[in-house]
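Enquirer: Can you read through this structure? Questions will come right after.
The values are calculated or read from the model by the stated rules, or taken from the named source; none is laboratory data. The structure displayed is predicted, hence computed values, not measured ones. Here Cβ is always computed from backbone atoms with ideal geometry, including for glycine, and neighbour counts include all displayed protein chains. The accessibility values were calculated without ligands, DNA or RNA, using every heavy atom of the protein model including side chains. Shrake-Rupley method; radii C 1.70, N 1.55, O 1.52, S 1.80 Å.
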Amino acid sequence: MSRPRLLNREEASSATLDRELLVRIHDVMVKARVLEERLIQMYKQGHGYFWIGGPGEEAFNVPLGLLMKKGQGLDSDYLHAHYRQSATLLALGEEPIGALRQMKNTATDPYSGGRNFAGHFSRREWNIAPVSSPIEVQYAIAPGTAMAQKRHGGDGITIVTGGDAGTAEGDFASCLVWSSRPANPLPILIIVTNNKWGISTTADGQHGETRISDRGRAFNIRSKTINGNDPVEAWRELKEAMDYVRTERKPFLMEAMVSRLYGHSSASGANFVANEVDCLKEFEAKLEKDGVLTREQMEALRNRYTEELAAAARQVRDEPQPAPESIWNHIYAEGK
Amino acid sequence: MANMAQAIRMALHYAEEHLGVMDIFGEDVGPPLGGVFTATQGLKRTWNSPLDERGIIGTAIGLAMAGQRPVAEIQFADYIYNTIDLLKIAGNTHWASNGDWNLPMVVKTPVGSGIRGSIYHSHSFDATATHIPGWKIVMPSNPLDAYGLMLSACQELNPVMYLEPKALLRVKGEERIPGEPEDERQLSKMIDAPLGDRSAWRPQWPALEPYAVPIGKGKVVREGDQVTVVSYGRTLPLCVKAADTLREQGVSAEVIDLRTLWPYDWDLVKASIEKTGRVLYVNEDTEVTNFGEHLMRRTVEELFYKLLAPPRLLAGKFVPGIGLADALELASVPQLADITQALQKLAAEEP
Ligand SMILES: Cc1ncc(C[n+]2csc(CCOP(=O)(O)OP(=O)(O)O)c2C)c(N)n1
């Protein structure tokens, strides 16, 4: 799979993106949606204990992954994500079968060896920090990698993502404080994907701030709220914010308004909700209208991924579970 | 001889010069103060952080992910409690990622009583720390061990919790740190920051040499064959004093300084109990679900038929805090007389 070419400034600021890139974004969005739907199905068929993931955030998460500088170490970007980031991983080129393995908690699960929930990615060779379940802790951790990158020089940045309800935790404030210390401002893109929900609690009863991004202003952090349901807007805004963080070596706070298409997690049923914007559906309508792709082409693509993932799920079904004595493995790192 | 604060400072200097430590940070850790106990004065790699313990631990984790070998300080262990879930993450990151990520980081924090610190400057942390898997936990009882343990901690691939018994930070050692000058006044002149304006002051470091106290190794500090006492930190020198007093009364006590709480030196403890048949565990954390209780369980399970008396634990009282008044502090955590008495009693106990 080839990476999309990066657009130059004029192209990036134009109203749309070039055709090749639109097709590429669409491709990964479909793949990510199909992956999440497969994971939900696995859960419902008893091939996993719990589902949580990112259907509804693809329009934002795909551009994020495509724009990241992938690799290991300080010259590449670090991602400190929460559990709705599958589309970003796929955009980076990750094979979807890993997510199925984690769903089925097999020994082959590449992220945790059958130890952690679905959507809890980790991949050190690409600077993907392990996703952990406690809400918001990644915001306290991310300044550390950003600080190392600042000292190192170069243009690698740190990206941290999480939901809106979690910003009530002190760790979000920690992130703003530590990223904007006058003694050492950090190259960090602080992202909040705002779906207006906690689990069942809506933001309007709990949050007095007009926008979450307004909180950046108190720290002189450049901030913006964007429509995360539009992949073209997401691409352009992310590109601009990332360029700023890369070159200025300063923080940026981005709030992206997104949808939650299958509820919070399997704990709330994981059923499709019809009353939220479906970014994929809207994007496809636009692609069709603009003559970028035909309905048939898009359906063929979805069918192809659906078949591929169904086959992958069958493969994973027969893979071994971790052995009981493996609980003792990797408590400590030795001799690296 | 150097005191423990100076020993830690020298170890950190060695670590920033030779072991790749790039960040020594926390509240008031950098200039001008160099730490509330002076343990970080004059170091090159220190910096002051915001007053935010979660930010300190979180940033240390991030720095460790990026391979920077941070040494983070929590000013008093009393204030580490709001970081427990981050400490759990530091401890589980290697395991949760199935061996993918490891975190070479040190968290140092002063613990325990002994400076009349009242309710919020006297907490112990060993009982809680030993409930968090994935960490290595050390606690020196003298300057030389403090130096050697810090050097080992700064070379670890895993998170190390370095507990500093604050009652001992100003106590001078009996053994010289390799490279430490003969004359302690000279040492002080070289590495202690002057009072008042110190903006132009630079330390003059002695030519320090590497010295390792391996993590996981305890030490027999007094040999004996009638009763074993196992301790660490503030209560360790008290156990030594008690053993010396009892020796004059004809009671032979073996004193073990555990030095590492996890993974601890069971071979050493076990060999001693097999010899003496009697053991007293001493520490000052609150006694309910105390680390010493774990050691007692293991003693009973593995050495029951070798015992001449039930294993005993002398620890802090299970009360909500250590009160400021002298009488309150002394009644709350083990003192010399408590240890001497407990040892005497145990040594005399017959099946
Ligand atoms: C510290 C913590 N508290 C509570 C939970 C349980 N919990 C899991 S997800 C969630 C809601 C999170 O909402 P938000 O931050 O908006 O993210 P979203 O899931 O909507 O993307 C809660 C309360 C948790 N995982 N961690």
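Enquirer: Using a 1.4 Å probe on protein heavy atoms, which residues of the range A:73-105 have at least 20 Å² less accessible area in the complex than alone?
Expert: A:74, A:78
Enquirer: Roughly how far apart, in whole Å, are the Cα centres of the range A:196-223 and the range A:92-145?
Expert: 26
Enquirer: Also: Can you report the principal axis dimensions of the range A:89-233 using only the alpha carbons, biggest first, rounded to whole angstrom?
Expert: The principal-axis extents, from largest down, are 46, 42, 32 Å.
Enquirer: I would also like to ask the following. Under a 10 Å cutoff between Cα atoms, tell me which one of A:82, A:152, A:264 has the largest fluctuation in the Gaussian network model of chain A.
Expert: Sorting by GNM fluctuation, first place goes to A:152.
Enquirer: Of the options B:103, B:71, B:48, report the single residue whose Cα projects farthest towards the positive end of the charge dipole of the range B:13-103 (beta-carbon charges: Lys, Arg +1; Asp, Glu -1).
Expert: With unit charges placed on the Cβ atoms, the residue in question is B:103.
Enquirer: For the protein assembly as shown, what value does the Rg/Rh ratio take when both radii are computed over Cα atoms and Rh is the Kirkwood radius, given to two decimals? Could you put the intermediate results ahead of the total?
Expert: On the way: Rg = 28.5 Å, Rh = 27.4 Å.
Expressed as Rg/Rh, it is 1.04.
Enquirer: Another one. Pick from B:30, B:91, B:55: which residue has the top mean-square fluctuation in a GNM of chain B where Cα pairs under 10 Å get a spring?
Expert: Most flexible of the set in this elastic network: B:55.
Enquirer: Could you work out the helix-only [θ] at 222 nm for the protein assembly as shown, with each DSSP H run of four or more residues adding -39,500 (n - 2.57) and the total divided by the number of residues, to the nearest 500 deg cm²/dmol?
Expert: Mean residue ellipticity at 222 nm (helix-derived): -11500 deg cm²/dmol.
Enquirer: Another one. Just to check I understand the Karplus step: with θ = phi - 60° and J = 6.51 cos²θ - 1.76 cosθ + 1.60, what whole-Hz values come out for the range B:156-170, glycine and proline as x?
Expert: 6, 8, 10, x, 10, 9, 10, 8, 9, x, 5, 5, 9, 4, 9
Enquirer: Mind checking A:325-333 for the average number of partner chain beta-carbons within 10 Å of each residue's beta-carbon?
Expert: 6
Enquirer: Between the range A:267-336 and the range B:55-74, how far is it from one alpha carbon centroid to the other, in angstrom?
Expert: 34
Enquirer: Let me ask something else. Sequence-distant or interchain residues sharing an amide H contact under 5 Å with residue A:225, placed H: which?
Expert: Amide H to amide H, under 5 Å and 5 or more residues apart or across chains, residue A:225 pairs with A:255.
Enquirer: Can I ask one more? Could you run the Karplus curve 6.51 cos²θ - 1.76 cosθ + 1.60 with θ = phi - 60° over the range B:111-119 and give me ³J(HN,Hα) per residue in whole Hz, x for Gly and Pro?
Expert: Computed from phi, the couplings for the range B:111-119 are 10, x, 8, x, 10, 6, x, 6, 5 Hz.
Enquirer: Quantify how strongly other chains surround peptide A:143-155 by giving the mean number of their Cβ atoms within 10 Å of each of its Cβ atoms.
Expert: Numbers: counts 6, 16, 9, 4, 10, 11, 1, 0, 5, 2, 0, 0, 0.
Mean shielding by partner chains, rounded to a whole number: 5.
Enquirer: Quick one: dipole size for the protein assembly as shown, taken about the Cα centre, charges +1 on Lys/Arg Cβ and -1 on Asp/Glu Cβ, in debye to the nearest 20.
Expert: On the way: 74 positive and 88 negative charges, 116 e Å.
Magnitude of the dipole: close to 560 debye.
Enquirer: I'd like the carbon and sulfur percentage of the solvent accessible area for chain B, probe radius 1.4 Å, heavy atoms only, ligands and nucleic acids excluded.
Expert: That share works out to 55 percent.
Enquirer: Residue farthest toward the positive end of the dipole of the protein assembly as shown, with Cβ of Lys/Arg at +1 and Asp/Glu at -1: which of B:296, A:163, B:150?
Expert: Checking the options against the dipole of the protein assembly as shown, the answer is A:163.
Enquirer: If you wrap a convex hull around the Cα atoms of chain B, how much volume per residue is inside, in Å³?
Expert: 136
Enquirer: I would also like to ask the following. Return the sequence-ordered ³J(HN,Hα) values of the range A:207-217 in whole Hz as given by the Karplus equation 6.51 cos²θ - 1.76 cosθ + 1.60 applied to θ = phi - 60°, using x for Gly and Pro.
Expert: So the Karplus estimates, Gly and Pro as x, are 10, x, 5, 5, 10, 5, 5, 4, 5, x, 4 Hz.
Enquirer: How many angstrom lie between the Cα centre of the range B:306-351 and the Cα centre of the range B:191-268?
Expert: Rounded to whole Å, the Cα centres lie 20 Å apart.
Enquirer: Assigning unit charges at the beta carbon (Lys, Arg +1; Asp, Glu -1) and nothing else, what dipole magnitude in debye, to the nearest 20, does the range A:19-319 show about its Cα centre?
Expert: About 560 debye.
Enquirer: Provide B:307, B:328 ordered by accessible surface of protein heavy atoms (probe 1.4 Å), highest first.
Expert: Working: B:307 30, B:328 95 Å².
So, going from the largest accessible area down, we get B:328, B:307.
Enquirer: In a Gaussian network model over chain B where Cα atoms closer than 10 Å are linked, find which of B:322, B:137, B:119 has the largest mean-square fluctuation.
Expert: Top of the fluctuation ranking is B:119.
Enquirer: Leaving out ligands and nucleic acids, note down the accessible area per residue over the protein assembly as shown with a 1.4 angstrom probe, in whole Å².
Expert: Details: 27020 Å² over 687 residues.
That works out to 39 Å² for each residue.
Enquirer: Within chain A, what is the longest stretch that has no chymotrypsin sites (Phe, Trp or Tyr not before Pro) placed in a DSSP loop and near at most 15 other beta-carbon atoms within 10 Å? Can you show the working numbers first?
Expert: Numbers: sites that count: A:49, A:50, A:272.
Result for the longest clean stretch: A:51-271.
Enquirer: Within 10 Å of each candidate Cβ there may be at most 12 other Cβ atoms; applying that plus a DSSP loop requirement, which GluC sites (Glu not before Pro) in the range A:251-336 survive?
Expert: Details: sites: A:255, A:276, A:282, A:284, A:288, A:296, A:299, A:307, A:308, A:325, A:334; in loops: A:276, A:334.
Filter output for the range A:251-336: A:334.
Enquirer: If you keep only loop residues by DSSP, which chymotrypsin sites (Phe, Trp or Tyr not before Pro) in the range B:111-194 have at most 16 other Cβ atoms within 10 Å of their Cβ? Intermediate values should be presented prior to the final figure.
Expert: Working: sites: B:120, B:125, B:135, B:147, B:162; in loops: B:120, B:125, B:135.
Sparse-neighbourhood loop chymotrypsin sites (Phe, Trp or Tyr not before Pro): B:120.
Enquirer: Give the average, rounded to an integer, of partner chain Cβ atoms located within 10 angstrom of each Cβ in A:108-116.
Expert: Rounded to a whole number, the mean comes out at 3.
Enquirer: Please compute the net charge surrounding residue A:211, taking Lys and Arg as +1 and Asp and Glu as -1 over other residues with Cβ under 11 Å from its Cβ.
Expert: Combined, the nearby Lys, Arg, Asp and Glu give -1.
Enquirer: A follow-up question, please. Taking loop as defined by DSSP and a crowding limit of 14 other beta carbons within 10 Å, which trypsin sites (Lys or Arg not before Pro) in the range B:25-68 fit?
Expert: Hits after loop and neighbour filter: B:44.
Enquirer: Please report the buried accessible area for the interface of A with B, total over both chains, probe 1.4 Å, in Å² to the nearest 100. Let's see the in-between values first.
Expert: Numbers: alone 15350 and 14950 Å², together 27020 Å².
Heavy-atom accessible area buried at this interface is about 3300 Å².
Enquirer: Running Debye on the range B:252-351 with equal point scatterers at the Cα sites and no solvent, what base-10 log of I(q)/I(0) appears at q = 0.14, 0.17, 0.23 Å⁻¹?
Expert: Debye curve over Cα of the range B:252-351, log10 I(q)/I(0) at q = 0.14, 0.17, 0.23 Å⁻¹: -0.56, -0.81, -1.30.
Enquirer: While we're looking at this one, here's another question. 5 Å is the cut-off here: which amide hydrogens, built 1.01 Å from N in the peptide plane, fall below it relative to residue B:261, excluding neighbours closer than 5 in sequence?
Expert: Under 5 Å from the amide H of residue B:261 lie the amide H atoms of B:137, B:138, B:139, each far enough along the sequence or on another chain.
Enquirer: Which value, in nm² and rounded to one decimal, describes the direction-averaged projected area of the C-alpha convex hull of the range A:19-319? Walk me through the intermediate numbers first.
Expert: On the way: hull surface 58.9 nm².
It is 14.7 nm².
Enquirer: Another question about this same structure. For residue B:26, list long-range residues whose amide hydrogen, built 1.01 Å from N in the peptide plane, is under 5 Å from its own amide hydrogen.
Expert: Long-range HN contacts for residue B:26: B:47, B:49, B:73.
Enquirer: Something else about it: Relative contact order (percent) for chain A, with alpha-carbon contacts under 8 angstrom and 6 or more residues of separation?
Expert: Value for chain A: 21 percent.
Enquirer: Between B:165, A:256, A:122, whose Cα lies farthest towards the positive end of the dipole of the protein assembly as shown when Lys and Arg beta carbons carry +1 and Asp and Glu beta carbons carry -1, centred on the Cα centre?
Expert: A:256
Enquirer: Right, something else. Quick one: which of B:171-184, B:4-17 comes out on top by average Cβ neighbours within 10 Å, and what's the full order, highest first? Before the final figure, lay out each step's value.
Expert: Values: B:171-184: 15.7, B:4-17: 25.1.
Final packing ranking: B:4-17, B:171-184.
Enquirer: I'd like the carbon and sulfur percentage of the solvent accessible area for chain A, probe radius 1.4 Å, heavy atoms only, ligands and nucleic acids excluded.
Expert: Reported share for carbon and sulfur atoms: 50 percent.
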